[in-house]
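Participant: A single structure is presented below for examination.
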Amino acid sequence: MAETAPSPETAPPSTVRTWREALRLYLQPASLRMLALGFAAGLPLLLVLGTLSFRLREAGIDRSTIGYLSWVGLAYGVKWMWAPLVDRMPIPWLTRQLGRRRSWLLLSQLVIALGLVGMALNDPSQLLGPLVACALAVAIASATQDIALDAYRIESAEVNAQAALAASYQTGYRLAMIWAGAGVLWVAAWAQGDQATGYSQSAWQAAYLVMALSMLPGMWVVLASPEPVPAPFAPARNVAEWLRGAVVEPFADFWLRYRWQAVLVLALIAVYRISDVVMGIMANPFYVDMGFTKSEVASVTKVYGVIMTLVGAFVGGLLAARLGVMRVLMLGALLSALTNLLFVWLSGVGHDVQALVWVISADNLASGIASAAFIAYLSSLTNISYSATQYALLSSMMLLLPKFIAGFSGEFVDAHGYASFFTATAWLGVPVLLLVMLASRVHARQLSPRTPSDPKPSRASPRA
């Protein structure tokens, strides 16, 4: 039978009064679990996007095809479409054994591991279709894991611990991105031999099999972790009633709780990361045009840069627990915009590895702070009764507009140059600051609404 999490009486206190208490949040079992589960969540992303494009190009696949295949990643942007199923639908036998959240987590992790094995065994230089099918399966399963994991995190701790959980999650996530970005290349190079060049299916096969095995720790944590106390659901008498409870009510609940203020909240979510996302599309072309080598970019951005993001996530979670989410949300938005201006300076400096290190340090530190606060903010907006569906919708929204605008970034650079482009992305952060100021007032009045009937219940109320 599914083991349940401890009751709110054993949870951390509702307020954090000292820095020592804030630091202790990172040592809570829930935070340590999120570290491992964050690793399982971060591992598949690059393996079906950035790392896969490297492998395909080395295998001789043309750039146009590789670009179209990046649409596999759209699964992460539309995951809200099946989030109601993950939120409500039980998995035969498995849900009885593990509970609603852990059963979906384990199933998605199994599909990810099997999909990675399929990607390992299929040679894209011979036949591309089977590998793409496996990559799509991995992306869909990975997005499903995100839905279940976000709900598990939100339901596993009180509001004051959410920033620490978000930071722990990001730490595991970023470590996985190092392993799936730089690590997979190191494994493939080791399997191929130092002197070998060109594409080697056996080397990539070994690398992807190692990545599949890397999902095992996450599965073990799911099996060893407690299931959060589930929010009670009234049994549905027919399909229409089930659809109303699983699909209609989660979205209606958000609008009923926030009313006209929902427009403000959704606007902030839609643009909060716009400076980073739009700038990030042109970052790698910029490094190439500045004359940085692949090894320099890999060492500085894929490893050192990720480490700085981890530091930022830790600092952001600590500050949010001590000072409040909205203050750190404002700080993250300001730093994200200002650090883009450092790339303007770097474009004038040219090929200078030390300068690149300083720019990446500041940029990724700011990104980590902003991400930790933003995840905690999104968590505070969800009703615990619909946590999977609502969080999936909110987290999907944050990429749609920035990704659309980022599609025009290449044309802008061609017309105006890198310096003007990076300056423009910094200016994109100004509306974000204004929206954070306005949303702070909403957040102060309605800190953490959790049920449709009571606009201001505590997080413990649905589980009492």
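Participant: Among the residues of the stretch 93-121, write down those that are within 29 Å of A188 (Cβ to Cβ) and open to solvent by less than 40 Å² (accessible area, probe 1.4 Å).
Facilitator: Those that are within 29 Å of A188 (Cβ to Cβ) and open to solvent by less than 40 Å² (accessible area, probe 1.4 Å): L105, L106, S108, Q109, I112, A113, G115, L116, G118, M119, A120.
Participant: Quick check on the stretch 372-381. Is at least one of its residues open to solvent by less than 10 Å² (accessible area, probe 1.4 Å), in a helix (DSSP H, G or I) and more than 29 Å from V248 (Cα to Cα)?
Facilitator: Yes - at least one qualifying residue is present in the stretch 372-381.
Participant: Please work out if P124 is open to solvent by less than 10 Å² (accessible area, probe 1.4 Å) and over 29 Å from V248 (Cβ atoms).
Facilitator: Yes.
Participant: So which residues in the stretch 271-308 are basic (K, R) and either at pLDDT 75 or above or over 20 Å from the mean Cα position of the chain (by Cα) (or both)?
Facilitator: Once the filter is applied, which keeps residues that are basic (K, R) and either at pLDDT 75 or above or over 20 Å from the mean Cα position of the chain (by Cα) (or both), the stretch 271-308 yields R273, K294.
Participant: Would you confirm whether or not the stretch 247-257 contains a residue that is touching an Asp or Glu at 6+ places or on another chain (Cβ under 8 Å) and either polar (S, T, N, Q) or modelled with pLDDT of 70 or more (or both)?
Facilitator: Yes, the stretch 247-257 contains a residue that is touching an Asp or Glu at 6+ places or on another chain (Cβ under 8 Å) and either polar (S, T, N, Q) or modelled with pLDDT of 70 or more (or both).
Participant: Same structure again: Pick from the stretch 34-62 the residues that are over 12 Å from M211 (Cβ atoms) and part of a loop (DSSP other than H, G, I, E, B): which of them is modelled with the lowest pLDDT?
Facilitator: By that ranking, first place goes to D62.
Participant: Assess whether D87 counts as being charged (D, E, K, R), farther than 30 Å from L185 by Cα and at pLDDT below 80.
Facilitator: yes
Participant: For L128, only one of the following conditions fails: (1) farther than 30 Å from A164 by Cα; (2) at pLDDT 75 or above; (3) out of contact with any Ser or Thr (no Cβ under 8 Å at 6 or more places or on another chain). What is its number?
Facilitator: (3)
Participant: OK, next. Being out of contact with any His (no Cβ under 9 Å at 6 or more places or on another chain), assigned to a helix (DSSP H, G or I), modelled with pLDDT of 85 or more and buried (at least 20 other Cβ atoms within 10 Å of the Cβ) narrows it down to one of L268, L209, so name that one.
Facilitator: Step by step, each of L268, L209 is checked, and only L268 is out of contact with any His (no Cβ under 9 Å at 6 or more places or on another chain), assigned to a helix (DSSP H, G or I), modelled with pLDDT of 85 or more and buried (at least 20 other Cβ atoms within 10 Å of the Cβ).
Participant: Filter the stretch 345-371 down to residues that are outside any helix (DSSP H, G or I) and either open to solvent by less than 20 Å² (accessible area, probe 1.4 Å) or not acidic (D, E) (or both) and give me whichever is modelled with the lowest pLDDT.
Facilitator: The residue in question is G350.
Participant: While we're looking at this one, here's another question. Does the stretch 87-104 contain any residue that is under 17 Å from the mean Cα position of the chain (by Cα) and touching a residue at least 24 places away in the same chain (Cβ under 8 Å)?
Facilitator: So far as the stretch 87-104 goes, no, none of its residues is under 17 Å from the mean Cα position of the chain (by Cα) and touching a residue at least 24 places away in the same chain (Cβ under 8 Å).
The values are calculated or read from the model by the stated rules, or taken from the named source; none is laboratory data. This one's a predicted model, so the numbers in the text were calculated from it and none came from an experiment. Counting neighbours? That spans all protein chains shown, and the Cβs are built from the backbone with ideal geometry, glycine included. In case anyone asks, the SASA skips ligands and DNA or RNA and just uses the protein heavy atoms, side chains included. Shrake-Rupley method; radii C 1.70, N 1.55, O 1.52, S 1.80 Å.
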